[in-house]
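Read through the structure below, which is laid out as structure tokens, and then see the notes.
The values are calculated or read from the model by the stated rules, or taken from the named source; none is laboratory data. Note that the coordinates shown come from a computational prediction; the quantities given were computed from them, not determined experimentally. Cβ coordinates were reconstructed from backbone atoms using ideal geometry, including for glycine residues, and neighbour counts include every protein chain displayed. With ligands, DNA and RNA removed, areas are computed over all heavy atoms of the protein, side chains included. Shrake-Rupley method; radii C 1.70, N 1.55, O 1.52, S 1.80 Å.
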Number of protein chains: 2
Amino acid sequence: MKIEEKVLSTIKRFSLLKPNETVLCAVSGGPDSIALLHILKALSKRLKVNLHAAHFNHGLRDSEADEDENFVKSICKELFIPLIVGKENIKKLSGGKNIEAVARKERYSFLQETAKKIKADKIALGHTASDLCETVIFNMTKGSGIKGLRGFLPKRKNIIRPLFEVSREEVENYLKNHNIPFRIDSSNFNIKFSRNLIRLKVIPYLKKINPSLEETILRETQTLRELEEFITETVNSILKNCILTQNTFSIQLENLLPLHSFIKKAVIQEAFLKLTGESLNTKKLSAVINLLKSHKSGSIDLKNSFKAIKTQDVLIIKKEEKQQVHFKIPIVTIPSEIETPSGTFKFENTKDGDFVFPEDELKKGLFIKTREGGEWLSLPFGRKKLKKFLNEKKIPFHLRNRIPLLTTDENEVIWIPGLYKKTYIKESKRKVFVRYEGGIKDFDK
Amino acid sequence: MKIEEKVLSTIKRFSLLKPNETVLCAVSGGPDSIALLHILKALSKRLKVNLHAAHFNHGLRDSEADEDENFVKSICKELFIPLIVGKENIKKLSGGKNIEAVARKERYSFLQETAKKIKADKIALGHTASDLCETVIFNMTKGSGIKGLRGFLPKRKNIIRPLFEVSREEVENYLKNHNIPFRIDSSNFNIKFSRNLIRLKVIPYLKKINPSLEETILRETQTLRELEEFITETVNSILKNCILTQNTFSIQLENLLPLHSFIKKAVIQEAFLKLTGESLNTKKLSAVINLLKSHKSGSIDLKNSFKAIKTQDVLIIKKEEKQQVHFKIPIVTIPSEIETPSGTFKFENTKDGDFVFPEDELKKGLFIKTREGGEWLSLPFGRKKLKKFLNEKKIPFHLRNRIPLLTTDENEVIWIPGLYKKTYIKESKRKVFVRYEGGIKDFDK
């Protein structure tokens, strides 16, 4: 089959282009993108599409980059294809780090912006079946799950890859037979180390085992794409029956437990992705599965302060409540005003207050603080541990570490606003009046 | 972690061995199987299992094979492990073809027979995580779907692989540290070409990209095993609502059409596998999907004379009815008896018959045959095409090619048993009497 026919069949099979659409072809000047440009030009009338080109000059490799730019300009002029050129000094922008990644990011955003500017419906990239093959082997090597093994897609949003089913060899033959000139990116042999290792070393050996390696992998990825689609559909139909807000995901155990553990994990992964934009590793996913298997309620830390909490009926994934900062502030002078995360305390000698104590207590060293353990209270019949007191008052656990306490250095609690006051035998000595703004009532906001 | 602990955790995680079981360890004498034997010996008390060993002498590589056998014998004697040795001349048996495959088959059946003989519950093989890694890369190269990408299993029926999570490097370190001798199979570098290419050429390059390649692939295959299990469960739950006999599979379209095309294909694949023991290729599967998509009824050929037939409500997969053999047999002498797949004809001059014709007709060249097209009949008002005649008689299509016809060399049909007789003006000449046994009634058996 002629390469144009093959590309046409790819375009039809995957609905890459519709009549009257505008397509922006990304052209580096290398063999793949130059072939793509020529093929799209040849097909544009039959497809009834509008063809534009875009070239991004990374400003790398000194004069070579400018020569690439001029080359692409002359080709587009010759083919009567409007060209937009973008330029960026990637070396400077990246500070010499992750040059390849920075270049990629800048190139993609230039393409998207250009597409927006000229109202292009699609951006066409020159990735071939040989690139797909390398990507799949690279992803397998690094371990990136089903998504990795299926490689890139023929179409993703407005990005299309019309050479998806064409091998590099076919591209090279096409260019040779039509006497079409192209440029070779000399950085190929330096920067993209892993990719080149796979292209130049690994694949030639694998082709000794299977000369149609590209075709085989193309066929395999087709199955994997369908499989991924099926998993996504299955997961989404389950997520429809769950509660997913901006911060919390919850699913009834009766809907979750009967599922196969593969799908359980996929559901949790997808929910976490929707909550945080990030993925969980297999270890964390297995930990959630074990939590689900156990007969007890419980929780585990996931990532980014998110937790999975299993109650009797529900699995909840949510951000851990921000820990109240513990504080312990000494009372040194009177009058004074002390602000704490749990409210403001005013100490004075002159006015009425919510609590009154003899100034002598200050000698013992007083503090406004949250509990640390070991605190106690004086009651008419002796001491009582703070813990026991809070239990008796049925104060919820999540509030206990946030309640402000007025204590002595010996851990005696003399005041808990709204809950407890130490009783002093009245004396004629100077007194301290304390006012509190904030209050237990507000804690559970 | 010590290698014994790692193997123990593998055994527990995958429930490879239970207390009081007998395990037959396959020992070639190479590093992996020798390490496995020592490790199982070391663990046998803790696991409370009974350890036996088996060695298969392929009779290849001349004296080397016998040296291997003697080496394994001495090791087992030293470790007090009962050993059973099998022997076969694989070169002779295979006739020099597919030696590796024949050796594998013979080795496995020796192991299974030995396990049966000594009542072993499990057969332990020395495959490592490194072998798994090679298998996965090999399968990816050849293209063998999800099943190929997940590689071999830690447990399959009575076969277990306790070194599943251990790398070859770990095995080698263990043998070195314990000063354990082993044998090197010199054929490694000759016979198993593809495997060795992957082991010695491809993997070292991939390890430059990811030094923990084995761990990564081990983790990936875990996901794929779970995925495969999920697909199998899904497919089986669908097959439960289908009709599957020895020769026919049928599924209601209302149960099939709503499924994702990946699962449609998996259901059809599994049904076909159950019917024939063989798989369909992706092309055939896609053809069935297209048949399902079309609005019309229809059928397509699958493989091994099986067809997929879509009616208004059902998809049926079944063996095509055996084509009636076409036949065309000349009538040369009278009397004669002619047997055909559609019944027996007796031609005589002396007795009554089902049909009578003048002996002169023989000069025209008579045949008993099935229709080939172009046949005609004499009727009182002229000729009629056989096709039209059969239409008028409403003979079912599937019977038309099986009906025996008595014709002249000029394609005139003079007799169709039970359906048509040519009318002759009575003459005094010699007559031929024909009897027929079989008959239209019996055709549709």
Open item on the list: For the range B:213-230, check the following and say yes or no: at least one residue is buried (at least 19 other Cβ atoms within 10 Å of the Cβ), touching an Asp or Glu at 6+ places or on another chain (Cβ under 8 Å) and more than 9 Å from chain A (Cβ to nearest Cβ).
Closed with: yes
- [ ] Looking at (1) touching a residue at least 60 places away in the same chain (Cβ under 8 Å); (2) open to solvent by less than 40 Å² (accessible area, probe 1.4 Å); (3) assigned to a helix (DSSP H, G or I), find the lone condition where residue A:54 falls short.
- [x] (3)
Task: Odd one out for residue A:143 among (1) out of contact with any Phe, Trp or Tyr (no Cβ under 9 Å at 6 or more places or on another chain); (2) surrounded by 21 or more Cβ atoms within 10 Å (Cβ to Cβ) - done: (2)
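So is residue A:105 more than 30 Å from the chain's Cα centre (by Cα) and assigned to a helix (DSSP H, G or I) or not? Let's see the steps before the verdict.
Values: more than 30 Å from the chain's Cα centre (by Cα): no; assigned to a helix (DSSP H, G or I): yes.
Considered against the rule, which asks whether it is more than 30 Å from the chain's Cα centre (by Cα) and assigned to a helix (DSSP H, G or I), residue A:105 comes out as no.
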- [ ] Please indicate, with yes or no, whether at least one residue in the range B:263-270 is of a type in the set (Val, Ile, Thr), within 14 Å of chain A (Cβ to nearest Cβ), within 17 Å of residue B:316 (Cβ to Cβ) and open to solvent by 20 Å² or more (accessible area, probe 1.4 Å).
- [x] no
TODO: Go through (1) closer than 29 Å to residue B:208 by Cα; (2) within 24 Å of the chain's Cα centre (by Cα); (3) surrounded by 14 or more Cβ atoms within 10 Å (Cβ to Cβ) and name the single condition residue A:203 misses.
DONE: (2)
TODO: Could you tell me which residue of the range A:363-387 is modelled with the highest pLDDT, considering only residues that are surrounded by fewer than 18 Cβ atoms within 10 Å (Cβ to Cβ) and part of a helix (DSSP H, G or I)?
DONE: A:387
Open item on the list: Condition check: small (Gly, Ala, Ser) and open to solvent by 50 Å² or more (accessible area, probe 1.4 Å). Does residue B:336 satisfy that?
Closed with: no
TODO: Sort through A:157, A:122 and tell me the only one that's more than 30 Å from residue B:207 (Cα to Cα) and in contact (Cβ under 8 Å) with a residue 12 or more places away in the chain.
DONE: A:122
- [ ] For the range A:323-330, indicate whether the set of residues that are surrounded by 12 or more Cβ atoms within 10 Å (Cβ to Cβ), assigned to a loop (DSSP other than H, G, I, E, B) and at pLDDT below 85 is non-empty.
- [x] yes
- [ ] Answer yes if at least one residue in the range A:340-359 is at pLDDT 90 or above, crowded, with 19+ Cβ neighbours inside 10 Å and closer than 28 Å to residue A:320 by Cβ, and no otherwise.
- [x] no
Open item on the list: Criterion first (in contact (Cβ under 8 Å) with a residue 60 or more places away in the chain and either within 14 Å of another protein chain (Cβ to nearest Cβ) or open to solvent by 50 Å² or more (accessible area, probe 1.4 Å) (or both)) does residue A:171 satisfy it?
Closed with: no
Open item on the list: So in the range B:236-256, with the set limited to residues that are open to solvent by 30 Å² or more (accessible area, probe 1.4 Å), within 24 Å of the chain's Cα centre (by Cα) and away from every other protein chain (no Cβ under 12 Å), which one is farthest from residue B:318 (Cα to Cα)?
Closed with: B:240
TODO: Test residue B:307 against the stated conditions and say whether it is without any contact (Cβ under 8 Å) to a residue 60 or more places away in the chain and either surrounded by 13 or more Cβ atoms within 10 Å (Cβ to Cβ) or not basic (Lys, Arg) (or both).
DONE: yes
TODO: Give the number of residues within the range A:125-139 that are open to solvent by less than 10 Å² (accessible area, probe 1.4 Å) and in contact with a helix residue (DSSP H, G or I) (Cβ under 6 Å, 6 or more places away or on another chain).
DONE: 7
- [ ] Could you list, in sequence order, all residues of the range A:68-95 that are open to solvent by 50 Å² or more (accessible area, probe 1.4 Å), over 17 Å from residue A:185 (Cβ atoms) and assigned to a loop (DSSP other than H, G, I, E, B)?
- [x] A:80, A:82, A:89, A:95
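Which one of these is within 14 Å of chain B (Cβ to nearest Cβ), surrounded by 13 or more Cβ atoms within 10 Å (Cβ to Cβ), modelled with pLDDT of 90 or more and part of a helix (DSSP H, G or I): A:285, A:259, A:292, A:280?
Sole residue among the options that is within 14 Å of chain B (Cβ to nearest Cβ), surrounded by 13 or more Cβ atoms within 10 Å (Cβ to Cβ), modelled with pLDDT of 90 or more and part of a helix (DSSP H, G or I): A:285.
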TODO: State whether one or more residues within the range A:36-48 are in the same structural domain as residue A:112 (by TED's automatic domain parsing), assigned to a loop (DSSP other than H, G, I, E, B) and at pLDDT 95 or above.
DONE: yes
Task: Where residue B:190 falls short, out of the listed (1) at pLDDT below 90; (2) within 9 Å of another protein chain (Cβ to nearest Cβ) - done: (2)
Open item on the list: Just to be sure I understand, how many residues within the range B:139-168 are at the interface with another protein chain (Cβ under 10 Å from one of its Cβ atoms) and over 19 Å from residue B:223 (Cβ atoms)?
Closed with: 3
TODO: Answer yes if at least one residue in the range A:218-235 is part of a helix (DSSP H, G or I) and within 21 Å of residue A:312 (Cα to Cα), and no otherwise.
DONE: no
Task: Residues satisfying the stated conditions in the range A:332-389, i.e. hydroxyl-bearing (Ser, Thr, Tyr) and under 51 Å from the mean Cα position of the chain (by Cα) - done: A:333, A:336, A:340, A:342, A:344, A:370
TODO: Name, by its number, the condition in (1) farther than 17 Å from residue A:125 by Cβ; (2) open to solvent by 60 Å² or more (accessible area, probe 1.4 Å) that does not hold for residue A:65.
DONE: (2)
